[in-house]
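A short write-up of the structure that comes next.
Since every read-out is calculated from the coordinates, none of them should be taken as a lab result. Since this is a predicted model, take the numbers as computed values, not measurements. Note: ideal-geometry Cβ built from the backbone for every residue, glycine included; neighbour counts use all protein chains shown.
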Amino acid sequence: TRALVCHRAFVRAYATSPSPHALIFLEHRAGAIESASLSALTAAEQLGGQVTGLVVGSPEEVQVRFECFVRLKGLTSLFHSSSSQYAAPMAEIISPLLEKLLTDKSPFTHLVSAHSSAAKSLLPRVAAKLDIPAVSDVISIVHDLSSNSTTFTRPIYAGNAIATIKASSSVPIKVFTVRSTAFSAAESDADAKVEVKSLDPIDVSDPPSEHIRTSLTQSDRPELGAASRVVSGGRALKNAETFESTLYPLADALGAAVGASRAAVDAGYADNSLQVGQTGKVVAPELYMALGISGAIQHLAGMKDSKLIVAVNKDPDAPIFQVADVGLVGDLFEIVPQLVEKLKQ
Ligand code: FAD
């Protein structure tokens with residue numbers, strides 16, 4: 001009798017809970033999938049159901065590029081839509097398409113994306129339009145099929161505490177963005193069988209805002225958010241010239257991306273796009289070198305999950321040494337050139 005009761009309870013629970021089906025907004029740049037989208041795909045896969053990708057762009061971009069999205073491990077189907085209006089990922093322009101996909105007899109239970117600049121604007125907009133909550137910057141996900149609820153964790157207070165948030169069955173579509181450093185990147189799969197469907201774009205007449213231009217910093221170095229090694233400099237670097245002449249040889253010798261503290265960015269030593277921290281980029285490379293950076297909590301929020309942290313600081317009590325795996329107490333202007341020489345050897 002007990003077995004029968006358990007069986008009935010099991011059947012009832014699973015009969016009422018839809019199996020998860022995530023819609024993931026996939027981003028691309030210069031012909032390649034953004035690595036943060038690959039991490040979001042891994043997160044979506046962890047829900048344990050189907051995953052449908054959505055790629056939008058200008059007609060030239062989508063025709064040429066959606067091929068690379070077809071061979072992604074974990075993707076069950078792929079929607080693509082092209083319009084000259086989709087050339088820039090503007091929330092006001094793309095959200096009507098997402099709203100339609102999520103309302104017309106929608107099979108989707110989750111809307112997912114990387115915690116990127118575009119998605120930080122797009123997903124909350126879609127959620128607000130559909131009157132559902134959104135969870136941002138998640139670092140773990142567990143979906144419970146029996147209760148149709150999804151539990152997320154996300155860092156709060158500059159990473160000093162972790163909040164656990166449960167989206168219950170009363171939330172028809174769970175919307176969330178993913179911190180890319182918390183999930184490995186989905187891999188390519190040459191044998192992947194992904195169903196591809198073209199969607200008609202929804203052109204927005206008289207859009208409330210207009211994309212004028214995108215100005216990207218050009219660099220031959222690895223991209224900060226995706227690099228496996230990062231060399232960062234702080235206020236101690238003195239000015240833009242010494243920042244470049246001291247840090248860049250070390251970054252080049254290591255094949256590393258360059259980062260900076262906010263103090264270095266605010267003082268004009270480095271470009272805004274290089275800022276690491278709470279209000280900059282969050283990175284978790286294999287190697288993070290902090291040179292002349294004190295280790296304020298706002299900076300740590302952006303790098304403390306790095307696998308190996310090396311700090312150079314002349315103050316033995318600098319807080320950066322509390323998170324560093326390797327600490328060198330000394331003058332960076334003496335230490336860094338010696339390191340470069342050793343690396344060259
Ligand atoms: P400092 O704190 O001035 O440290 C310089 C360090 O260099 C010192 O430890 C000193 O001992 C050392 N030093 C000096 N000379 C040498 C030398 N010759 N050799 C070796 N070491 C030397 N900061 C960020 O970095 N990223 C953020 O995203 C960010 N967001 C913020 C958000 C908010 C809301 C607020 C309030 C602050 C934020 N900050 C952020 C600022 C943060 O609080 C710190 O002010 C900043 O990180 C300090 O930068 P720094 O370590 O380069 O400079």
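Here are the numbers for this structure:
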read-out	value
Backbone HN-Hα couplings from phi across region 193-198 [Karplus 6.51/-1.76/1.60, Hz, Gly and Pro as x]	10, 10, 6, 10, 9, 8
Sparsely packed trypsin sites (Lys or Arg not before Pro) within region 231-278, loop by DSSP, other Cβ within 10 Å at most 15	238
Semi-axis lengths (Å, descending) of the ellipsoid that matches the C-alpha gyration tensor of region 212-344	21, 17, 15
Rounded to 10°, Cα long-axis angle of helix 59-70 versus longest principal axis of the chain	90
Among 112, 323, 56, residue whose mean-square fluctuation peaks in a GNM of the chain (springs only between Cα atoms under 10 Å)	323
Chain lengthening between residue 345 and residue 165 when straightened (0.36 nm per residue, less Cα-Cα)	59.7 nm
Normalised convex hull volume, region 133-195, alpha-carbon set, Å³ per residue	120
Region 21-56 residues near the modelled residue 68 label - backbone nitrogen below 13 Å, point 7 Å along Cα→Cβ	27-38
Convex hull volume per residue for the chain, taking Cα atoms only, in Å³	175
Dmax and Rg, reported as Rg then Dmax, of region 174-254 (C-alpha, Å)	20.8, 55
Gain upon complete extension [residue 191, residue 129; 0.36 nm per residue less C-alpha separation]	18.5 nm
Loop-resident sites, region 77-170, for trypsin sites (Lys or Arg not before Pro), counting at most 13 other Cβ within 10 Å (DSSP)	105
Contact order relative to length of region 65-223, as percent, for alpha carbon pairs under 8 angstrom and 6 or more apart	35
Region 304-345: trypsin sites (Lys or Arg not before Pro) falling in loop per DSSP and having at most 13 other Cβ within 10 Å	307
Helical mean residue ellipticity (222 nm; -39500 (n - 2.57) per DSSP H run of 4+; nearest 500) of the chain	-9000 deg cm²/dmol
The chain: angle of helix 35-45 to the longest principal axis, Cα-based, in degrees nearest 10	40
Counting DSSP beta bridges with both ends in the chain, the antiparallel % (nearest 5)	25
Sites residue 239 and residue 214 - FRET efficiency at Förster radius 41 Å, r taken between beta-carbons, to 0.05	0.90
